[in-house]
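Below is one structure, written out as structure tokens; comments come after it.
The values are calculated or read from the model by the stated rules, or taken from the named source; none is laboratory data. These numbers were taken from a predicted model, which means no experiment stands behind them. All Cβ positions, glycine included, derive from the backbone under ideal geometry; neighbour counts span all protein chains shown.
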Amino acid sequence: MGSGLLTEAENGNREVESKQVAGVDGAAGGWVMAVTGAKEGSPVEFSLWDSFAELWAEARLRSLAAVGIDMPIGLPGASVRTADVVARRLLGPRRSSLFWSPPAAALDADDYDEANRASREHLDMGLSKQAYNLLPKIREVRSVLVPADVSDRATPRAAEVHPELSFAVMAGALRSSDGKNSMPSVPLTHPKRHQAGVAERLALLGACFKGITESAVLRPLAGPPHPGLDDLLDAAAAAWTARRIAAGHAVHLGASDGLAPVDKAGYPLTIVA
């Protein structure tokens, strides 16, 4: 068995085909996308989208090198995803921010009770209401992306990310003094919706994006959709991970023996950090 981690270097370095990357987060009534340069310190540009199809068309038009998407893409069949297990371990006290991914069998459920039954039948665990509420956006993403969009040869290259995991890696998770992968306790101490949590995350992002406070806080976007500040910060964190993907520094949680498993539809069962 592998460690549940696969680095981009092990998966083959990829030549960056574009100087821009993006992070995507779901928001009330649609989506928010944060586009930035692949170079550390580049400013970030936020935009709002009614549908993922429109957003992805823009990503293609701009030939973005990588797009980190805060949404489960590959869905489990008969057991929970190893990626979720590893990610929750990395997140430590923030593990509750990552919901267990719903099984593929729940994807077309008509209501929560049906989805919950499918989860108990296939994963031997109930489905949280939060995970159930993600199903419409999961369906939306999977109706637009095809497995080829998440391959290392794709432009844009789509990848499932988790912003809290992105923040954890920014703050030092996965890094050790000898340069090898490790899993130290995550330095983030406050929930993202608390004032102290916002300040903590803005401080991390400020070291990665020029003018992030002005672009995320002082320049309100005209909706709909109507993202919260946490949605903008999450999209920026996802864009930071997209930089790591484009540079060949990202790690694939849920990999086994150097291989990223896929679900029955061909989507990877991994989270990229």
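Quick rundown of the values:
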read-out	value
Of all residues making up the stretch 233-273, the number that are of a type in the set (Ser, Thr, Tyr), touching a helix residue (DSSP H, G or I) at 6+ places or on another chain (Cβ under 6 Å) and either buried (at least 24 other Cβ atoms within 10 Å of the Cβ) or modelled with pLDDT under 95 (or both)	2
Residues within the stretch 59-72 that are in a loop (DSSP other than H, G, I, E, B), surrounded by fewer than 24 Cβ atoms within 10 Å (Cβ to Cβ) and either free of Cβ contacts under 8 Å to residues at least 12 places away in the same chain or of a type in the set (A, V, I, L, M) (or both), tallied	1
Residues within the stretch 132-186 that are loosely packed, with under 14 Cβ neighbours inside 10 Å, modelled with pLDDT of 90 or more, charged (D, E, K, R) and over 19 Å from Leu64 (Cβ atoms), tallied	1
Residue list for the stretch 43-92, filter: at pLDDT below 95 and basic (Lys, Arg)	Arg88, Arg89
Scope the stretch 101-126; condition more than 27 Å from Trp49 (Cβ to Cβ) and buried (at least 18 other Cβ atoms within 10 Å of the Cβ); matching residues	Pro103, Ala105, Asn116, Ala118, Ser119, His122, Leu123
Which listed residue, of Ser96, Ser151, Ser128, is under 22 Å from Asp234 (Cβ atoms), of a type in the set (S, T, N, Q) and within 16 Å of the chain's Cα centre (by Cα)	Ser96
Boolean, Leu75 is free of Cβ contacts under 8 Å to residues at least 60 places away in the same chain and in contact with a helix residue (DSSP H, G or I) (Cβ under 9 Å, 6 or more places away or on another chain)	no
